[in-house]
1. Hey, can you rank 462-470, 100-108 by average C-beta count inside 10 Å, highest first?
2. Past the 16 angstrom mark, what percentage of all C-alpha to C-alpha distances in the range 427-556 do you count?
3. What lysines could a cross-link reach from LYS181, if we take a straight Cα to Cα line under 21 Å and drop same-chain neighbours fewer than 8 places away?
4. Which lysines have a Cα lying under 21 Å from the Cα of LYS344, excluding residues fewer than 8 positions away in the same chain?
5. Starting from the 7 Å offset along Cα-to-Cβ, what nm value, one decimal, do you get for the label separation of ASP545 and SER319?
6. For GLN6 and ASP60, FRET efficiency with R0 = 22 Å and r from the beta-carbon atoms, rounded to 0.05?
7. May I ask you to compute the full-extension gain from LEU17 to GLU425, defined as 0.36 nm times their residue separation minus their alpha-carbon distance, rounded to one decimal in nm?
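Read-outs throughout are calculated quantities, based only on the coordinates presented, and are distinct from any laboratory measurement. It should be emphasised that the depicted structure is a prediction, and the values quoted were computed from it without experimental measurement. Please note: Cβ atoms are built from the backbone with ideal geometry, for glycine as well, and neighbour counts cover all protein chains shown.
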Amino acid sequence: MVLSPQLVGGVQIVAGLAALLLLKPAVDNPDKPGSRGYAVCTVGVGLWMFGLSVPKFTVDYALTVSSFHVLILGTELAVTGWLLLALSITDRTHLIRRTAIALGGGILLLQLLLWTNPLHHLLYEPGLGLDESGLARGIDAAIMTTLEWWWVHTAASYLCGLTGELLLVRGALTSSGIRRKQFGWLSLAAVPVILASTVSTFQLFDLQYNVSSAGFLLAVPVLAVVLFRSRFLDIVPVARRTAMDEMEAAMITLDSQDRVVDANKRARELFDCGPEYVGMPGSEFFGSGPDEMLSGISKEAGEEAELTIAADGQQRHFSVSSSPIGDSPEQGRVVLLHDITPQKRRERELEETKQSLEQSNERLDRFASTVSHDLRNPLYVAQGHLELAETENEHLTAVERAHTRMEVLIEDLLTLARQGDVIEETDAVDLATLAETTWQNVATAEAVLAIETEQTIRADSSRVEELLENLFRNAVEHGGERVTVTVGELDDGFYVADDGPGIPVEEHGDVFDAGYSTATDGTGFGLSIVHEIVEAHGWGISVTDSESGGAQFEIRL
């Protein structure tokens with residue numbers, strides 16, 4: 001049966017329009033892997049069909065030659081799009097730009113030479129391929145059998161098409177599960193293209209018309225379904241390449257044999273792998289033996305491990321977790337590595353600081369103990385001789401007061417040196433009971449204690465007792481022997497207040513400094529000790545005026 005040229009031309013026009021309609025999925029999903037390559041390929045197929053159809057309706061030389069130029073452009077765009085699609089979905093995005101520039105430059109040069117051929121006749125002679133019956137086999141057949149440039153164009157087209165096919169076949173062989181099936185479908189889409197192009201190019205059968213474009217036309221719907229309707233690569237990271245590459249964590253997908261299926265940008269940079277990492281054994285990708293790396297990564301979901309890896313020229317620490325693909329780790333797994341090197345560095349610095357502080361506290365404690373011991377020995381000798389003197393003498397009385405002051409100073413220094421330790425264990429402390437007990441331990445003369453709280457706090461009772469003792473003593477020393485001291489409750493803590501003369505506002509910021517005292521016989525360490533105890537509990541303290549005008553110390557828990 002011989003088909004009329006007009007019928008064939010009409011079918012080709014319809015096919016070209018159908019190809020262009022299949023552009024919609026690419027327009028709707030511009031960021032989908034392979035979308036741009038698919039779009040270029042689809043436009044090429046449409047132009048190819050339109051170029052083939054024109055000679056079926058006319059024998060006008062100018063129109064026929066122009067349609068041939070469009071046909072060549074469609075052919076080149078179709079194979080270029082196919083190659084770009086294969087590069088994109090096999091995660092060779094770093095080659096896409098260079099490939100597009102190289103092939104785009106070649107296409108532009110050839111089109112320029114074709115459309116300007118009447119000026120230079122470099123590609124074909126005018127009138128070539130025309131006969132009275134129109135172009136039953138056309139200009140393309142005539143050029144194909146007479147001019148060398150056609151074979152260069154053909155060889156380049158086959159090279160692009162076969163390279164794309166090999167990439168997809170390799171992707172199918174090195175993948176597993178649903179990804180292998182999807183790569184398999186994509187590689188099968190090229191089979192009718194290759195068969196139809198081979199038959200037409202080498203005229204293997206006595207066909208009435210060129211059928212090479214029909215192979216591409218059959219492939220386009222398959223590409224559309226696999227890329228846009230079957231959620232291609234949706235379960236592996238390549239389908240979310242943009243999002244993955246923005247991740248701070250390194251993400252590697254391994255198959256059931258611990259071969260690398262995919263890796264995001266951070267992982268590729270971290271382990272310094274080349275573009276051919278797909279299918280690489282995991283131990284080779286990680287740059288260490290399986291006992292050092294893979295064995296340390298649990299295959300159970302939710303479990304984490306910490307690993308130290310030599311990366312970026314230094315030792316880096318990672319928190320590693322593994323999640324199975326599907327219902328079982330046997331289908332493969334996704335490994336996430338979160339860089340915790342900064343946290344580890346801070347932990348090490350904190351530990352070093354803690355050790356340094358502990359050592360400093362130990363040295364200070366030893367120093368204070370030594371100093372107090374060395375001071376007490378001659379002090380006890382002096383006190384012994386003073387007692388033996390048994391003489392009433394104002395000078396000896398002054399010496400006795402000095403001895404007493406030295407004893408107080410030594411005790412306060414020891415207390416101050418030992419108050420800086422952080423409180424680690426606390427108990428429930430009845431503040432009212434502790435205040436009453438402490439009051440009995442202080443020389444309060446005729447001073448009065450008023451308790452206006454029933455609260456219970458979490459604290460080290462012995463340290464709080466020292467705190468209250470120093471505040472009580474401070475109130476009696478500065479407020480007089482008949483001062484009234486009140487222990488009261490705040491919304492977030494408690495206070496100790498007195499009705500003495502108070503503390504000038506301009507001195508509120510100095511009262512907790514070691515050595516500060518307004519009393520002539522004060523050591524200046526009492527409030528500094530209070531401040532150290534408060535800080536050791538993690539509390540806060542401030543001084544203000546009481547309701548009676550005296551001093552009020554507020555401890556915020």
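1. For the peptides 462-470, 100-108, the packing ranking is 462-470, 100-108.
2. 59 percent
3. Counting by Cα, and skipping residues close in sequence, LYS181 has these lysines nearby: LYS32.
4. Leaving aside lysines fewer than 8 places away in the same chain, those within reach of LYS344 are LYS354.
5. Here the answer is 5.2 nm between the modelled labels.
6. Efficiency at R0 = 22 Å is approximately 0.90.
7. 138.8 nm
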